[in-house]
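*Asks:* My questions will all concern the structure given below.
Rule-based calculations on the coordinates, nothing more; no lab input. Owing to the predicted nature of the structure, the values given are computational and were not obtained by experimental measurement. Cβ placement follows ideal geometry from the backbone for every residue including glycine, while neighbour counts extend to all protein chains displayed.
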Amino acid sequence: MAAEIRLFTCLTDNFGYLIHDPATKATASIDAPEAAPVIKALEREGWTLTDILITHHHGDHVGGVAELKQKYGCGVVGPHDKSAKIADVDLRAGQGDVVKVGGLLARVLETPGHTLDHISYVFDGEKALFAADTLFSIGCGRVFEGNYPMMWNSLLKLRALPDDFKLYCGHEYTAANVKFALSVEPDNADLRTRAEQVTRLRAENKPTIPTLLGEEKKANVFLRADEPSVAASLRMKGADAAAVFGELRERKNKS
Ligand SMILES: [Zn+2]
């Protein structure tokens, strides 16, 4: 039986995610921005929380962990303490580790840059990538703790995943990301297609997530910092990809 994935809004623009294994009834929450919407989603489905998989230490990703752990007695997986300490973590996971959610397997990729501790979870069997604040649709996270080469390298790790994998990210930032990306690549046909789709979805008050990684590779300018046309558009012809990526990130910060 295929895993079931549910997505819902937490706080203002965070996504909450549940992934459920029908065979074992195990259910994991990917991060826990706040407890109430996670509990509501569980009750709606009749599922019990068995695991929380934390991506990084920011409050809008771990704010609900303590309450959920107390209510369900679930196991909590989190990254090593590479920046701030995360409370309530039972198991520390790093690059190459495999985490179990019932019969489902999640491969851990270390994707530092946004924070030093940031990890992403790849469910190969479900073709699902939970990238939190490393990779957004048509965008990427701000680089708070790492540096640009580090973040670019993390994005390359995610870009190496197959095109038919779905991206589940940490925030609904797609419309603003599209606006910025179009300022750099106004003639990117795939980006324009995505822009139309995003306008339609937002007008209907629907999430823009999930999205296919293959589409992101074609339309997300932050995954395209090594495209000569992107460097040319920034007047950085011949510059290395990490420098082009850094310039993109700086411009987005100011946009
Ligand atoms: Zn964050």
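*Asks:* So how do 213-223, 75-85 stack up, highest first, on mean other-Cβ count within 10 Å?
*Replies:* 213-223, 75-85
*Asks:* Which order do 65, 184 fall in if you start with the one that has the fewest other Cβ atoms within 10 Å?
*Replies:* Ordered by Cβ neighbours within 10 Å, fewest first: 184, 65.
*Asks:* Provide the gained length on full extension for the span residue 36 to residue 250, in nm with one decimal, where the gain is 0.36 nm per separating residue minus the Cα-Cα distance.
*Replies:* Difference between extended and current length: 73.5 nm.
*Asks:* Assigning unit charges at the beta carbon (Lys, Arg +1; Asp, Glu -1) and nothing else, what dipole magnitude in debye, to the nearest 20, does the chain show about its Cα centre?
*Replies:* Charge dipole, the chain, about its Cα centre: 440 debye, nearest 20.
*Asks:* Can you find, among 75, 253, 147, the residue farthest towards the positive end of the dipole of the chain? Put +1 on the C-beta of Lys and Arg, -1 on that of Asp and Glu.
*Replies:* 253
*Asks:* Taking amide H positions as placed 1.01 Å from N in the peptide plane, with prolines and chain starts having none, which residues 5 or more places from residue 9, or on another chain, fall under 5 Å of its amide H?
*Replies:* Amide H neighbours of residue 9: 16.
*Asks:* Taking the alpha-carbon set of segment 91-186, what are its Rg and Dmax in Å?
*Replies:* Just the Cα atoms of segment 91-186 yield Rg and Dmax of 13.8, 45 Å.
*Asks:* Which cross-chain or sequence-distant (5 or more) residues have an amide H under 5 Å from the amide H of residue 171, H modelled 1.01 Å from N in plane?
*Replies:* So residue 171 has HN proximity to 15.
*Asks:* Order of 227, 196 from fewest to most other C-beta atoms within 10 Å?
*Replies:* Result, fewest neighbours first: 196, 227.
*Asks:* Which log10 I(q)/I(0) values does segment 4-254 give at q = 0.07, 0.10, 0.16 Å⁻¹ under the Debye formula, counting every alpha carbon as one identical point scatterer?
*Replies:* Rounded to two decimals, the profile gives -0.22, -0.46, -1.15.
*Asks:* Taking R0 as 22 Å, what FRET efficiency do you get between residue 163 and residue 237 from their Cβ-Cβ distance, rounded to the nearest 0.05?
*Replies:* E between residue 163 and residue 237, to the nearest 0.05, is 0.20.
*Asks:* How much length, in nm to one decimal, is gained on full extension between residue 218 and residue 127, taken as 0.36 nm per residue of separation minus their Cα-Cα distance?
*Replies:* 30.9 nm
*Asks:* Right, here's the next one. State, in angstrom, two size descriptors of segment 25-161 derived from its alpha carbons: Rg to one decimal place and Dmax to the nearest whole number.
*Replies:* 14.4, 44
*Asks:* Convert 37 °C to kelvin, take the viscosity as 0.692 mPa s, use the Kirkwood radius over C-alpha pairs of segment 63-116 as Rh, and evaluate the Stokes-Einstein diffusion coefficient in µm²/s, rounded to a whole number.
*Replies:* Stokes-Einstein gives a translational diffusion coefficient of 265 µm²/s.
*Asks:* Let me ask another. Can you sort 135, 109 from fewest to most other Cβ atoms within 10 Å of each residue's own Cβ?
*Replies:* Ascending Cβ contact count within 10 Å gives the list 109, 135.
*Asks:* Residue by residue, what Karplus-based ³J(HN,Hα) values in Hz, rounded to whole numbers, does segment 2-11 have, using 6.51, -1.76 and 1.60 with θ = phi - 60° and x for Gly and Pro?
*Replies:* Result, rounded to whole Hz: 6, 5, 10, 10, 10, 10, 7, 8, 10, 6.
*Asks:* Where q = 0.11, 0.17 Å⁻¹, what log10 of I(q)/I(0) comes from the Debye formula for segment 9-90, counting one point per Cα?
*Replies:* Relative scattering, expressed as log10 I(q)/I(0), comes to -0.25, -0.60.
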